[in-house]
Amino acid sequence: MPSVKRAAVITIERDGVEGALERLRAVAERSGVELVDEEDVDIAIVLGGDGTMLRALGRFLGTGVPVIGVNYGRVGFLTSIPADRLGEGIGRVFGGEYDTVALSTLEAKVNGTTTVAVNDVVVAGGTLGRMVEIGYAIGGEDLGHQPCDGLICATPTGSTAYNLSNGGPVLVWGLEAMVLTFVAPHALVIRPLVVPRGPDVTIANLTTERAATVLVDGHPVGKLASGEQVSVRVGDQHTLLATLPEVTFFTRYAATFGRGPATADEIARQECADR
C-alpha cells in the first residue's frame, strides 16, 4: 500500500486513551502524517474496541477509506494492533505496511425507506418476555413461520456479535453473504441459514395485534404492524477493513475463539514479535 499522508482518528472515551492519543500524535509527527477529523483521508485510525470500529466503518462506508484499529476495548476482534504495540504498529501502517479486505453490508427496506447495515438487521418483539410470530421467505420462496424473540440477519462483520451469542455461525471476512439466526425460537429443529448475495430475504410480522421493531446496527429504524414486512439483501456498498499483514481473519479467530485462555491481544503480540 502507498504510505499515508493524512489520517482520521476515532477514539473511545476510556482510561488510557488520552495517553494513546498523545503517542499516536508523536508517531504521526515522526512519520510526516497529518491527523484530521475529516473523511478525505488515506486511512482512519481507531483507538477503541469493536463498537468503535463498527461506528468508524459505518462513517467511512462507501468512501474507499480503510479503517484500522488499536485495541482499547474488551474483545477487539476487528482491531489489528494491541494497545501496547501502538507505536510500532501505527508506524508500520503509516509506512504503507497494511492489507485491506472489503466487507459486505446489508440493505434493509422498511416502510419505503432503505437503510444500510454494517453489522446486522434484527426484527424483534417490542415487549420483553413476549414472543412474536415471524414469517420469512428467501427469493420469494416461503420458509414458514416461527414463534421466537426475533430474527437476526448478520453480515460477516456482525456474525461474531449478536448472531454468535445466539448460536449462529461465524462468517469469514470477504464472503458476500448473510446469516439468518432466530433468537430463542420455540422449536427444537430450527437452525441458522447462510444466504448468498442475490435473493431478498422477506421477514413478516405475523403476530396478532402487536408490532415488531426493526433495528439496524442496534438502532430502531421502523415498526412492523401485524402483516407488514421488511426486505433484507446483501448490499451494494462495502466497508474497508485494514489489518497488519500478519493479522488475518483466521489469526484473529483462533486468538479470540479457538486457543483457550490466551487473549486476542496476547496472540497478536506474539505474532508481531515473530514477524
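Just give me the residues in segment 197-244 being basic (K, R) and closer than 28 Å to G51 by Cα, in sequence order.
Passing the criteria: R197, K223, R233.
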Item to complete: Report, ordered by the first and then the second residue, all pairs with beta carbons closer than 7 Å, sequence separation of six or more or different chains, a first member in segment 50-74 that is in contact (Cβ under 8 Å) with a residue 60 or more places away in the chain, and a second member that is aromatic (F, W, Y).
Response: D50/F77; V67/F60; I68/Y98
Discussion item. I'm told L57 meets every condition in (1) open to solvent by less than 50 Å² (accessible area, probe 1.4 Å); (2) touching a helix residue (DSSP H, G or I) at 6+ places or on another chain (Cβ under 8 Å); (3) of a type in the set (A, V, I, L, M) except one. Can you identify the failing condition by its number?
Written reply: (2)
Item to complete: Among the numbered conditions (1) within 21 Å of L61 (Cα to Cα); (2) modelled with pLDDT of 95 or more, tell me where A161 comes up short.
Response: (2)
Worksheet item: Residues G69, G73, G49, G89: which one is at pLDDT 95 or above, open to solvent by less than 30 Å² (accessible area, probe 1.4 Å) and within 22 Å of V172 (Cα to Cα)?
Response: G69
Worksheet item: How many residues does segment 22-46 contain that are in a helix (DSSP H, G or I) and open to solvent by 30 Å² or more (accessible area, probe 1.4 Å)?
Response: 7
Practice prompt. Any residue in segment 163-192 that's of a type in the set (S, T, N, Q): show its pairings with residues that are outside any strand (DSSP E or B) at Cβ separation under 7 Å, as long as the two are six or more apart or on different chains.
Written response: T181/N163; T181/N166; T181/G167; T181/G168; T181/P192
Worksheet item: Which members of segment 108-132 meet the condition of being open to solvent by 50 Å² or more (accessible area, probe 1.4 Å) and in a strand (DSSP E or B)?
Response: K109, T113, T114
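The values are calculated or read from the model by the stated rules, or taken from the named source; none is laboratory data. Everything numeric here is computed off the predicted structure, so don't read it as measured data. Cβ atoms come from the backbone with ideal geometry, glycine included; neighbour counts cover every protein chain shown. Accessible surface is based on the protein model in full, side chains and every heavy atom, while ligands, DNA and RNA are left aside. Shrake-Rupley method; radii C 1.70, N 1.55, O 1.52, S 1.80 Å.
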